[in-house]
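This report concerns only the one structure given below.
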Amino acid sequence: MPDEELLEHYKVSGESTSFGILYNRYTPLIYGLCLKYLQNADMAQDAVMQIFEDILPKVCQYDIRVFRTWIYSVVKNYCLQILRRDKKEITIDFSTFIMESDEILHLLDKGGSDEERIQALNRCIEKLSEPQRLCIVNFFLEEMSYADVSEKMGYTVKYVKSNVQNGKRNLKICMEKQNME
């Protein structure tokens, strides 16, 4: 029987064997996905069983059009919840922020007095496009993280990173022009 028929049969009859057959079809996919996220074979096996127990009574509440896509999403979200729950320490990669901060500080090191360099940097910041300017100001001057800027501005994190990178490049070009004048 196709996936959708097995699912419908379970919803109508309530026989868990129908859903069990369907779930068993996808057990290798589910296990592989759990293993990918959890990086531990025992945890992945436990997750496969727990997911089955969790969704069996709830599956009737969902309008599932394509079971494969739905189960993939359920498994991924379940694994991410486990990772969030079990994560005792959050690892932060400061190297990106430090490196990016150093580049802005480096712009201030070139030529002229401190006051002149700061004024030149402010003029260059004003010349940036609005998204670049807002991202640069929030990220460097307000010392906000990409995620914080993203939340504050309503941009995606990827868009914030892009604007920070492009803004830095444009600031560097502008500051070099200012130093030549």
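Listed values, structure above:
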| quantity | calculated |
| --- | --- |
| Segment 146-155 - phi-based ³J(HN,Hα) in whole Hz, Karplus 6.51/-1.76/1.60, Gly and Pro as x | 4, 5, 5, 5, 4, 5, 5, 8, x, 9 |
| Net charge of Cβ neighbours under 14 Å - reference E8; Lys, Arg +1; Asp, Glu -1 | -3 |
| Along principal axes, Cα extents of segment 109-174, largest first, whole Å | 37, 19, 16 |
| Debye intensity ratio I(q)/I(0), log10, segment 3-86, q values 0.24, 0.26 Å⁻¹ (C-alpha model) | -1.17, -1.32 |
| Residues C79, C60, sorted so that the one with the fewest Cβ neighbours within 10 Å comes first | C60, C79 |
| Cα-Cα over 29 Å, subset of K58/K161; K11/K87; K36/K158; K11/K158 | K58/K161; K11/K87; K11/K158 |
| HN-Hα J in Hz across segment 34-49 - Karplus 6.51, -1.76, 1.60, θ = phi - 60°, x for Gly and Pro | 4, 5, 4, 7, 8, 6, 8, 4, 5, 5, 5, 4, 4, 5, 4, 5 |
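No value in this document is a laboratory result; all are computed from the given coordinates. All values derive from a computational prediction rather than experimental measurement. Here the Cβ is made from the backbone with ideal geometry for all residues, glycine too, and neighbour counts use every protein chain on show.
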